1. Identify all residues within segment 51-83 that are in contact (Cβ under 8 Å) with a residue 24 or more places away in the chain, aliphatic (A, V, I, L, M) and touching a Leu at 6+ places or on another chain (Cβ under 7 Å); write none if there are none.
2. Residue by residue through segment 24-69, note down the ones that are surrounded by 14 or more Cβ atoms within 10 Å (Cβ to Cβ), of a type in the set (A, V, I, L, M, F, W, C) and over 13 Å from the mean Cα position of the chain (by Cα).
3. Go through Leu126, Leu146, Leu159 for me and flag whichever is within 29 Å of Pro59 (Cβ to Cβ), out of contact with any helix residue (DSSP H, G or I) (no Cβ under 6 Å at 6 or more places or on another chain) and either hydrophobic (A, V, I, L, M, F, W, C) or modelled with pLDDT of 85 or more (or both).
4. Within segment 7-33, how many residues are among the hydrophobic types (A, V, I, L, M, F, W, C) and farther than 14 Å from Val63 by Cβ?
5. Being part of a loop (DSSP other than H, G, I, E, B) and modelled with pLDDT under 50 narrows it down to one residue among Pro100, Pro84, Pro59; which is it?
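The values are calculated or read from the model by the stated rules, or taken from the named source; none is laboratory data. A quick note: this is a predicted structure, and the numbers were derived from the prediction, not measured. Glycine also receives a Cβ, built like all others from the backbone with ideal geometry; neighbour counts cover every protein chain displayed.
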Amino acid sequence: MRASLAGDAQAYRAFLSELTVLLRRYCLRQLGADRLADAEDLVQETLMAIHTRRATYDPDRPVTAWAHAIARYKLVDHLRRRHPQVGVPLDDVEDFLAAPDDTEPAMARCDVGRLLDTLPEQPRALIRQVKLEGASIAETAARTGLSESAVKVGIHRGLKALAARFGAGGNRARNG
């Protein structure tokens with residue numbers, strides 16, 4: 001999304017393509033597999049809303065939360081249109097919907113994966129193994145042939161690089 005806001009049309013197409021898959025899964029889960037046509041309509045409405053409101057996206061925030069909020073509002077609007085006799089207060093929409101929502105964690109994992117992809121291979125692999133897959137420092141050292149100290153240093157440097165690029169420190173670096 002950040003690249004698309006900077007004018008990268010190919011990145012925008014890739015973003016919308018990946019987002020479409022996630023939105024379709026979310027809409028089908030919320031509406032039910034028997035309402036495929038409604039789910040597809042909702043996906044298209046959500047994509048249009050995201051496209052027309054893309055200038056409101058804050059690049060310093062996760063795109064997943066922003067896209068999920070738009071999808072959720074579109075879902076509520078859809079339910080209100082389809083079932084006007086059933087009052088669907090925005091705060092109670094989760095009670096109205098049958099399935100739990102695990103889209104946000106899935107989208108967050110995609111964001112984490114993209115962030116990690118900005119790192120060189122070694123720190124990326126170390127962070128994945130220890131922080132995401134739950135391997136111990138000792139296990140990771142044995143797998144990679146590095147010392148435990150080297151694993152710790154690699155993880156620390158990788159996380160520090162991510163924080164400089166995307167965290168609070170990164171904002172100062174970009175702005176100043």
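1. Once the filter is applied, which keeps residues that are in contact (Cβ under 8 Å) with a residue 24 or more places away in the chain, aliphatic (A, V, I, L, M) and touching a Leu at 6+ places or on another chain (Cβ under 7 Å), segment 51-83 yields Ala67, Ala71, Leu75.
2. Passing the criteria: Cys27, Leu28, Leu31, Ala39, Leu42, Val43, Leu47, Ala49, Ile50.
3. Details: Leu126 fails: out of contact with any helix residue (DSSP H, G or I) (no Cβ under 6 Å at 6 or more places or on another chain); Leu146 fails: within 29 Å of Pro59 (Cβ to Cβ).
Criteria check complete, one pass: Leu159.
4. The initial filter retains those residues of segment 7-33 that are among the hydrophobic types (A, V, I, L, M, F, W, C), namely 9, 11, 14-16, 19, 21-23, 27-28, 31, 33.
Checking which are farther than 14 Å from Val63 by Cβ leaves us with 9, 21, 27-28, 31, 33.
Qualifying residue count for the region: 6.
5. Values: Pro84 fails: modelled with pLDDT under 50; Pro59 fails: modelled with pLDDT under 50.
One residue alone meets the criteria, Pro100.
Yes/no matrix, rows are residues, columns are (1) among the β-branched types (Val, Ile, Thr); (2) in contact with a Pro (Cβ under 7 Å, 6 or more places away or on another chain); (3) under 26 Å from Val112 (Cα atoms):
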{"position": "Ser17", "(1), (2), (3)": "no, no, yes"}
{"position": "Thr20", "(1), (2), (3)": "yes, no, yes"}
{"position": "Tyr26", "(1), (2), (3)": "no, no, yes"}
{"position": "Arg29", "(1), (2), (3)": "no, no, yes"}
{"position": "Glu40", "(1), (2), (3)": "no, no, no"}
{"position": "Ile50", "(1), (2), (3)": "yes, no, yes"}
{"position": "Arg61", "(1), (2), (3)": "no, no, yes"}
{"position": "Asp77", "(1), (2), (3)": "no, no, no"}
